[in-house]
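Notes to accompany the following structure.
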Amino acid sequence: MLMRQEHTLEELQVLAKRIRREIVQMIGEAKSGHPGGSLSAVEILVTLFFDVMRHDPSNPQWRDRDRCVLSKGHGCPALYAVLAEAGYTPVEQLNTLRKLGSIYQGHPDKRFLPVLEASTGSLGQGLSIGLGMALAARLDGRPTRVYVVLGDGEIQEGQIWEAAMFGAYHKVDNLVAIVDYNRMQLDGFIKDIMEVEPLIPKWKSFGWQVIELDGHDIPALQAAFAEAASVKGQPTVIIAHTVKGKGVSFMENNPKFHGVAPTKEEVQLALEELK
Ligand SMILES: Cc1ncc(C[n+]2csc(CCOP(=O)(O)OP(=O)(O)O)c2C)c(N)n1
Ligand SMILES: [Mg+2]
């Protein structure tokens, strides 16, 4: 069964909300984790796994599958909930997040969860990993497309721009980078720490096709991924404007909720909002 074109917009939105609830609950249960950057990436991951990517939960190692690398690995509660909802892993174990021996480690770890395409969490590496996968697929003549989700703070890392240069020079057009542009990093706003603007001219000058959109707008994401698939000779980057903590009023744009878990009471408040 391929997870493609099977869900209506409403179903995808309902799923996104359920995944937000699971994120809040699992991080609350773990008493540690990264709610803000998990919540900002929900629609990006839902659209990829439930609409765009060719993959098969009953055959995770299918060689021609599309691949998603969550380079901003600390946002893994979102990825874990998506993988579980897609049928790869047990939903009922989501609340073991960050527990000793859990398949759901604090950062994505293939040793505990082989279905992951890559172990991530050390920021800056995922685009290079994705490029390797995309190039390998091209050499093998396979239809695989590769999607790499980056944080906007993460792209301050030098390795990202080495990968950007490489991807364009080698015309890696089966690769799409998505920047989760929530304008915040670990302890504050990007503009106050190290501004990444002007972002669009930057990626363009590195030779990438650039698409800018609202990263919570599923139809816009669907259109952008379709457009990216039609671009030849260039990789594509999607600059996805998002809100850190999206969906939970007291987490939105609040630097505290980068890496702090909600209390029991805050979990209840959040779940009320996510009904
Ligand atoms: C190489 C590396 N340096 C530092 C960290 C610690 N760290 C974890 S998250 C984070 C901020 C990331 O900000 P951003 O990429 O914007 O993520 P988001 O806003 O989506 O949470 C940092 C510095 C890390 N994981 N890896
Ligand atoms: Mg950010």
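Observations on the model:
- Rounded to 0.05, the FRET efficiency of the residue 253 and residue 107 pair, given R0 = 22 Å and the Cβ-Cβ distance, is 0.40.
- Dividing the C-alpha radius of gyration of the chain by 2.2 N^0.38 Å, with N its residue count, gives 0.93.
- In terms of packing, defined here as the mean over residues of other Cβ atoms within 10 angstrom, the peptides 134-145, 219-230 line up highest first as 219-230, 134-145.
- This ranking places 83, 48 by how few other beta-carbon atoms lie within 10 Å of each, fewest first, which gives 48, 83.
- At most 12 other Cβ within 10 Å, DSSP loop - GluC sites (Glu not before Pro), the range 132-206: 195
- Between residue 136 and residue 272, the contour length at 0.36 nm per residue exceeds the Cα-Cα span by 44.4 nm.
- The chain: DSSP helices with Cα axial extent of at least 30 Å and average Kyte-Doolittle hydropathy no lower than -0.5: 9-30
- Under 16 Å from the residue 186 label point (7 Å along Cα→beta-carbon), backbone N, the range 78-95: none
- Contour minus Cα-Cα distance for residue 171 and residue 62 (0.36 nm per residue): 36.7 nm
- With neighbours defined as other Cβ atoms within 10 Å of a residue's Cβ, the residues 171, 202 order from fewest to most as 171, 202.
- Computed lengthening from residue 100 to residue 195, 0.36 nm per intervening residue step minus Cα-Cα distance: 30.5 nm
- Over 27 Å (Cα to Cα) - which of 17/232; 17/244; 72/110 fall in this group: 17/232
Bear in mind these aren't lab numbers, they're just calculated from the coordinates by the rules spelled out. The structure displayed is predicted, hence computed values, not measured ones. Ideal geometry is used to build each Cβ from the backbone, glycine not excepted, and the neighbour counts take in all protein chains shown.
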